[in-house]
Every structure is written in C-alpha cells, then in structure tokens.
Number of protein chains: 2
Amino acid sequence: MAAEISAGKLRNLMTLADENGRLKMMAIDQRGSLNEALGKVLGREVSFDEVAEFKQIVTEHLSPYATAVLTDPIYGYARSVQNIPGHTGLLLACESTGYTTDESKKGRKTSLIEGWTVEKARRAGANAVKLLLYYHPDAAPEVVQHQKEVCARVGRDCAANDVPFLLELVAYPLSEPKSDSAEFARAKPDLVARSAREFSDPRYQVDILKLEFPADLKYTKEYRTGIFDGKEREAVYSLEDVRGFCEKVNDSAGRPWVILSAGVDIKEFLVSVDLACEAGASGFLCGRAIWKEAIPLYTDPEEMVGFLDSEGAINFLKCNAAAEAAVPLWEHESLSDLSLANDTPDWHRVY
Amino acid sequence: MAAEISAGKLRNLMTLADENGRLKMMAIDQRGSLNEALGKVLGREVSFDEVAEFKQIVTEHLSPYATAVLTDPIYGYARSVQNIPGHTGLLLACESTGYTTDESKKGRKTSLIEGWTVEKARRAGANAVKLLLYYHPDAAPEVVQHQKEVCARVGRDCAANDVPFLLELVAYPLSEPKSDSAEFARAKPDLVARSAREFSDPRYQVDILKLEFPADLKYTKEYRTGIFDGKEREAVYSLEDVRGFCEKVNDSAGRPWVILSAGVDIKEFLVSVDLACEAGASGFLCGRAIWKEAIPLYTDPEEMVGFLDSEGAINFLKCNAAAEAAVPLWEHESLSDLSLANDTPDWHRVY
C-alpha cells in the first residue's frame, strides 16, 4: 500500500537512519536515574555541571557510532551539541524525568518539561521529539486518560511543527509485586503488545515506537540459570515463546519500532536486539546497555574515556552489527512505497 | 575572540560541513538557466516534470559525495528529497529565479519565491536557507536599497526561525559591456570584495557567504591563451595579482565564505577552489562545474547516468580534494572558540 508523508516528517526521519533505513541510535537523555547513579559514585549529591559533563563526555566518544543521538534539553543539549556530529541525527526528549503517582497509587503520570516545547526542539535543530510515557493499560482510568492526552498533545505539536514523533512506552508493575518477578515477567508480553497497539492509533500521530523487549529473558528456560547476572530464577517461558511475543508486538505496532535497553547488560540487550529485529523491529535506541559502565568511572576521567573508547565503542559496534538484521524503516507497511503529500508543481505553495 | 551562537544556527551549520568543518556542497537549485539549457537539448520548451526529473537524477547520483545539497522548493525538493541522504545537509533556495530590471536599466532586482517562506523551508527540514542576490554597489540607489532590504528581510526570517542564512552574491556588468570582457574582468575583484564587505554587516544576519571568484582566470597572464575554453584573451592581471584579490575578499568577508562555480568548466573551477581556499575560504558550493555535461545527455538516460557516475563523480571528488585545504568553518574568526548563547542550566527555558 502506498503511503503519503509530509515533508518535515520524511526528511527528518531520513536523518535518523543509516543509508539503508536502519536505526542505530544512542540515548543519553537520562536524568533522574543518572543523577542518582552519579550521586552514589560521588558519595554526595551530583551537581548540574557534573551531570552535563558526564553526558558531554559520553556523547563525544560514542556519537560517532550512532545514526542518531537522543539527549535532553536540560543537561544534554547545550553542553553536548558540539559533540554530536552534524551528520548524525538529533532527538530531544520532551518529558519531565520520572512520574507522579496517582492518589489511588494505581498508576504513573507523565508531565512535560516546564519551559520547553516541541517548537523549541525543532528550532534548536532536533530531527525528532521523544516522549517517554510510563503506561499500564489497567492503571486507574484517570491515569490512563491523562497519559493518552499527554501523548496526543505531543503528537499534535509534532504534526504542527512537521517533526517526527518518537514515543517510548515503558510498562510498570501495578498489581504485580515488582519489575524483577515471575509475575511481571509473565505480564510483560501482553502489556507491551497492548500498549503498542493503543499508541499506533492515528490520533496520537506517532512516527516511531520505542518499545521494551516484550519478555524478561532472565525468566526464560534458556537463560534462567543466571547467565546474565548470576542470579537464578524460575522459568516462565521459553525462547520460542519469546519469539512469538516479539511477533505479536510487531503485529500490534502499526508504526516502525525500535527496541530500548532499559538498563539491562549488553549481553542481554544483544539477544533482545536479535530477537526484536528478527520479528520486524527497525533497530534500537539504546543508552545504558552501551555506556552504563562509564558511570562508576566518572571520578577518573582517563579511565572513563578509556572505557568509552574501547568497551563502550565495542558494545555499540555489536549493537550496530545486530541491527543489520533490522527491517529498514522504509519497508515498514506504514512507510512503504512512500511519496510526499501534495507532490505537485504547487507543492511549495500548498505546503 | 570567543563567539556566541544560537542553538539552531549552530546545530544546522554543523550539518552542512564535514567532520572537520569544511564545506563540500552541491548546488542543483538552478531554474531559469536550466530550463533554457534543457529546452535547447530537447528543441522545444521543457516541462515541469522534465526539469524535476533532471534534478532528481543528478541529486540521486551526486549527493553521496556532498556534505550538503542545495536545491529549490519548486522543481527540486518534492521530487528529490528521498535522494538526498539523511546524513547530508539540506539547503533550500528562497529567491525567484532571475531578476527584474529597473526602468533606468541600472540594476537587477531580486524577489522571493511566491508562496514560499523561510518558515516553510525550516519546517520541511532545511538546514539552511539560501538567497541569491544579484548585486552591483553602483546600481541605481533604488535598486541597491531594494536588494539590501530583501537581504535584511531574509536575515530576519532566518533569525526568527533560528536557521542559518547563506547569501550568494553575484555581480553583473552595469556600465561594463558584458561579463566576458577585459573591462568586467578588471572590475570584478573590487565588486566581489565590496559586496562581501557590505553583506557581512551584522544587520543582514548572514551566516555564510557564497561568493564569486574575485577575478576572471581567463584574463590572467597565465591562463589567457585559451587553456580553459580555447579562446585567447588579453591579460589584465597575473595569478599573483589574483592571489591578492582573494586575500582582499577574505579580509572583506566578516563571515565564513565558500566559492561558487558560476558555470565555468571544472578545470577552471578547480583552480579557483585552490586559490580561494588558500586565501581562507571554507569550501565550495558548486553546481554546473560538476554536472553541466549531464545536460546534453538528458535525452539518453543511460548516458546521463553513466556520466554522473563516472566523470561527474570524479569532478566532485576533485573538488572535495581541493577543499581539503579549506579553512574549517569553526576556525573562522566569527565562529572561533564558539559557545552556545545563554549556556546556563536555564538554557531550555530562556531559548
């Protein structure tokens, strides 16, 4: 089916991908979690300048391996923009870090960065705007409604500025006891697929979905013995089941999607990139799996740079190699046989 | 001297240059001259679709060699955007093709493309806006004033959209008899330097100047014997003089500048790139010198593509090699020791 796309969405989507349409993107937009992690390393509260510096160093040393870099407009952009190569795409986050909890405790609410807008992101040269939405379809109705509205609002603002909208969906335990549990592992496949389906609805105007891996590999029969982190767990499914979950996510996603790393170790992330790409993902948008080992080295700049230029770079190159099996953006059903909307001699007038 | 720059200007300037800050850019935004040339080849008036197709083919085959591509929003953008690699910068022209002549015949006036705006260019993903201004400082005062106003207007619009402004200045004979004459060759060095100085004034908010070579090499003692086009001419200056003219242009330009090809042959253009870069230019923005031999081949698509992939590509690579001697954008006085304007923890609020 032939698809039509607006000029800004098309041109900017192209800036995010490699020449074949595969997305090999780095995230360095973490705020809350990074502040906390650096604080632990320093043994005191971390300053604005320290967080900005950490991001700048990671960006400088790892951006050259990325087709696009996601950073944030608070600690990231101003101090790192000169370290993102001009021929690497740029995504900017628009959500406030963290979430607020509903009175009923049944759900997490997202808010947008105060004083920042999609229009500013576009003006500052962003090729896409990213929104992280914590989402559980069974949260309190008021929470679900709020999250849908935030998403629709960013979708409208992105459309008005003709800039691609990348939506990151992160599920969380509600009635389930905690993230690292057999119960939540069991719930994950369905949560990821349902959320992907919901936000593929055209009313949200999402261009790319950034999704969690739809299973916890640590709870698979094959990996449950502690291969990734030394901790033994029960088996809740097999890798063959997981392949099915990935396919279901791909069927549920009406938009091209990339896989996120959610802070898992590189070995585990590489398995998830393989499985996701096999099922139809268009690549990855990965932060901590690639660079998190730089955090404890922050107090020793030489060590930190040494890690980034060796292991960090190798982590990235492994992800890039895995993503060679990804489905090019332009082969996704929603973008195949693409033409520009209003492609007539009057395009420049009617655009 | 440390310089400050706004976010959109900085990020987008970076997208135009190679990783070292050198500009190796292709122009395929010709309209009037290209319509005419293709019409001659076809022996009839050329259609919109044919011009758009010619541009699309050139863009597809030569963009991969460019750090950035300049096209136009009428024939170029809509049909070519998918052929400009995402990691190649994009410039869009904003002036109507050609010019109108003043009643007094003393000067050329530029107008902007009707129905097109800087805001649209930015929304469509342009990394810079280009204005071609025919300019003669001794034209009728009313013409000079008009041209200055057009330029200031585009400068304001670019600043409002925080997108780089590339100004192309082309001199023309006024009292001088014609372009290819000893008189005009004699006038050129001064014309180019005076115009460069005028439009470096901060009130025009120009980021990059696209300048003519400040001499006619065919009228130099060394090249006057017809080396470039078989036609013998008188000598009006020497190459050593020309070196001085280039230095004067560099001193007059308060902004980084690139050299344009104005349709000269590739051999002559390569000499001008060498001399311009030696004097301080940051690279080139070149169209016809690279691809004009594709025009007569338009009726034979296979021949045309054959030329573009062999000689055309080699022309480009020769220009790129010459531009390795260019002064990186970031070493230009106006951009050295660069920092982002308002680089504080509040940047995202105040931007």
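Please treat every number below as a calculation from the coordinates, not as lab data. No experiment lies behind these values; they were computed from the predicted model shown. Reconstructed Cβ throughout: ideal geometry from the backbone, glycine too, with neighbour counts over all protein chains shown.
Odds and ends about this structure:
- Förster-model FRET efficiency, 35 Å R0, B:L239 and B:D309, C-beta, rounded to 0.05: 0.55
- Cross-link partners of A:K106 among aspartates and glutamates, defined as those whose alpha carbon lies under 16 angstrom from its own and excluding same-chain residues fewer than eight positions apart: A:D138, A:E142, A:E176.
- Structural size metrics of the protein assembly as shown, computed from C-alpha coordinates, are Rg and Dmax of 27.6, 91 Å.
- Total charge dipole magnitude, the protein assembly as shown, about the Cα centre, Cβ charges on Lys, Arg, Asp, Glu only, Debye to nearest 20: 1180 debye
- Listed residue pairs exceeding 18 Å between alpha carbons, taken from A:K210/A:K231; B:K9/B:K120; B:K24/B:K248: A:K210/A:K231; B:K24/B:K248
- For B:A27, the residues whose modelled amide H falls within less than 5 Å of its own, excluding neighbours fewer than 5 places apart on the same chain, are B:L70, B:C286, B:G287.
- For the stretch B:143-302, the fraction of alpha-carbon pairs in successive 5 Å shells from zero, as %: 2, 9, 16, 19, 19, 14, 10, 6, 3, 1
- Chain B's nearest residue to the axis relating it to A, judged by Cβ and reported with the distance in whole Å, is B:H87, 2.
- Chain A: most fluctuating residue of A:E247, A:E303, A:E168 per GNM, C-alpha cutoff 10 Å: A:E303
- For chain A, relative contact order (Cα pairs under 8 Å, six or more residues apart, normalised by length) works out to 20 percent.
- Two-site label geometry, B:E119 and A:D190: point separation in nm, points 7 Å out along Cα→Cβ: 4.9 nm
- Highest mobility in the GNM of chain A, judged by mean-square fluctuation with C-alpha springs under 10 Å and restricted to A:V236, A:V258, A:V118, is found for A:V236.
- Partners for A:K55 among lysines (Cα-Cα distance below 17 Å; same-chain residues under 8 apart left out): A:K40, A:K292
- Other-copy label distances relative to A:K267, 7 angstrom Cα-Cβ extension, nm: 6.5
- Beta bridge orientation in the protein assembly as shown: antiparallel %, DSSP, nearest 5: 10 percent
- Each Lys and Arg contributes +1 and each Asp and Glu -1, all at the Cβ; summed about the Cα centre of chain A, the dipole is approximately 580 debye.
- Amide H contacts of A:G21: none lie under 5 Å away among residues 5 or more positions distant or on a separate chain (H built 1.01 Å from N in the peptide plane; Pro and chain starts excluded).
- Counting from the shortest, the label point at A:V41, 7 Å from Cα toward Cβ, is 5.8 nm from the same position in each remaining copy.
- For chain A, built as a Gaussian network whose Cα springs stay under 10 Å, the top-fluctuating residue of A:E183, A:E119, A:E45: A:E45
- If R0 equals 25 Å, the separation of the Cβ atoms of A:T225 and A:S33 corresponds to a calculated FRET efficiency of about 0.35.
- With both residues required to sit in chain B, DSSP beta bridges show an antiparallel share near 10%.
- For the stretch A:282-294, backbone phi angles converted through the Karplus equation (6.51, -1.76, 1.60; θ = phi - 60°) give residue-by-residue couplings of 9, x, 9, 9, 10, x, 4, 4, 7, 10, 4, 5, 6 Hz, Gly and Pro being listed as x.
- Dipole of the protein assembly as shown, positive end: most advanced residue of A:S63, B:T220, A:F165 [Cβ charges, Cα centre]: A:F165
- For B:K210, distant residues with modelled amide H under 5 Å away: B:L167, B:E168, B:L169, B:V258
- With the helix formula -39500 (n - 2.57) applied to DSSP H stretches of n ≥ 4, the protein assembly as shown reaches a computed 222 nm mean residue ellipticity of -11500 deg cm²/dmol.
- Working note: Cα gyration tensor of the stretch B:3-350, eigenvalues times five, square-rooted, sorted largest first, giving semi-axes of 28, 25, 21 Å.
- Label geometry 7 Å along the beta-carbon vector: B:D201 inter-copy distances in nm: 5.7
- Inter-part distance, the stretch A:191-270 to the stretch B:189-217, computed on C-alpha centroids, equals 57 Å.
- For the stretch A:118-267, the antiparallel share of DSSP beta bridges with both residues in that region comes to about 0%.
- Annotation: average projected area of the stretch A:20-158 is 9.9 square nanometres, based on the convex hull of Cα atoms across all directions.
- Straightening the chain between A:E149 and A:K178 buys 7.8 nm, computed as 0.36 nm per residue apart minus the Cα-Cα spacing.
- Of all lysines in the structure, the ones whose alpha carbon falls short of 24 Å from that of B:K105, not counting any fewer than 8 places away in one chain, are B:K148, B:K178, B:K188.
- For the stretch B:116-163, the calculated P(r) over all alpha carbon pairs, in 5 Å bins from 0 to the bin holding the longest distance, is 5, 21, 26, 18, 13, 11, 5, 1 percent.
- Rounded Å value of the spacing that divides the Cα centres of the stretch B:322-351 and the stretch A:310-351: 29 Å
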